[in-house]
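Since every read-out is calculated from the coordinates, none of them should be taken as a lab result. Fair warning: this is a prediction, and the values are worked out from it, not measured in the lab. Counting neighbours? That spans all protein chains shown, and the Cβs are built from the backbone with ideal geometry, glycine included.
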Amino acid sequence: MGKYTGKPYRPSNGTEGMYFTEEYCMNCLHCDPDPNGKKQCDILCASMCFSVDEPGYPKEWVYDENDQPSCTNWQKWDWGKDGNPDDPDNPKAPIPEDPNQLCLPFIFDEIGVKPPAKLELVV
C-alpha cells in the first residue's frame, strides 16, 4: 500500500487536471464527453466547485494503492463506440440496478440498522 492511499486527490494544475479528466471522466459511464450532453458527472462538477478540504469535495477522487490518482466511481465506457448508456435500445447499455436492492458493501446507517458494538466470529 502506498503512502497516500485513500487520501483525497486534487490536480495540482490545469494540465494535470485535463490529463485526469481525459483519462477518467471522458471515458466514463457517468459522464457524457459532449459538454452539451444530458449526462454530466456530479463528481467532476463538485471537484471544480469545492476545495479539497471542504465537505462537498468528491470523496471518489483519491490516490489508489500505487499512489496514483483515481476515481472510485469510474466505469469504463466508450461513448463513441458504445453509444448512449441510457438509451433503452442500446444493446451495450448496462443493466440498471434495482433501487431496492442492497449493494455490498453498504453502510449500516443507510439501511437504518445499528451495528453491534463488537463483532465476534463464532465457529
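In region 1-87, counting only helices (runs of 4 or more DSSP H) that sit wholly within it, the ones holding 2 or more residues that are of a type in the set (S, T, Y) span 14-23. Look at region 17-36: where a residue is closer than 19 Å to V62 by Cβ and a partner is crowded, with 19+ Cβ neighbours inside 10 Å and among the small types (G, A, S), sitting 6+ places away or on another chain with Cβ atoms under 9 Å, you get G17/S47; T21/S47. Checking each residue in region 37-81 for being free of Cβ contacts under 8 Å to residues at least 12 places away in the same chain and either surrounded by 14 or more Cβ atoms within 10 Å (Cβ to Cβ) or among the hydrophobic types (A, V, I, L, M, F, W, C) (or both) picks out Q40, C45, M48, C49, F50. If I go through region 20-36 residue by residue, how many of them are closer than 13 Å to P69 by Cβ and surrounded by 13 or more Cβ atoms within 10 Å (Cβ to Cβ)? Within region 20-36, residues that are closer than 13 Å to P69 by Cβ and surrounded by 13 or more Cβ atoms within 10 Å (Cβ to Cβ) number 5.
What about G14, is it surrounded by fewer than 16 Cβ atoms within 10 Å (Cβ to Cβ), without any contact (Cβ under 8 Å) to a residue 60 or more places away in the chain and farther than 20 Å from Y63 by Cβ?
Details: surrounded by fewer than 16 Cβ atoms within 10 Å (Cβ to Cβ): yes; without any contact (Cβ under 8 Å) to a residue 60 or more places away in the chain: yes; farther than 20 Å from Y63 by Cβ: no.
The answer is no for G14.
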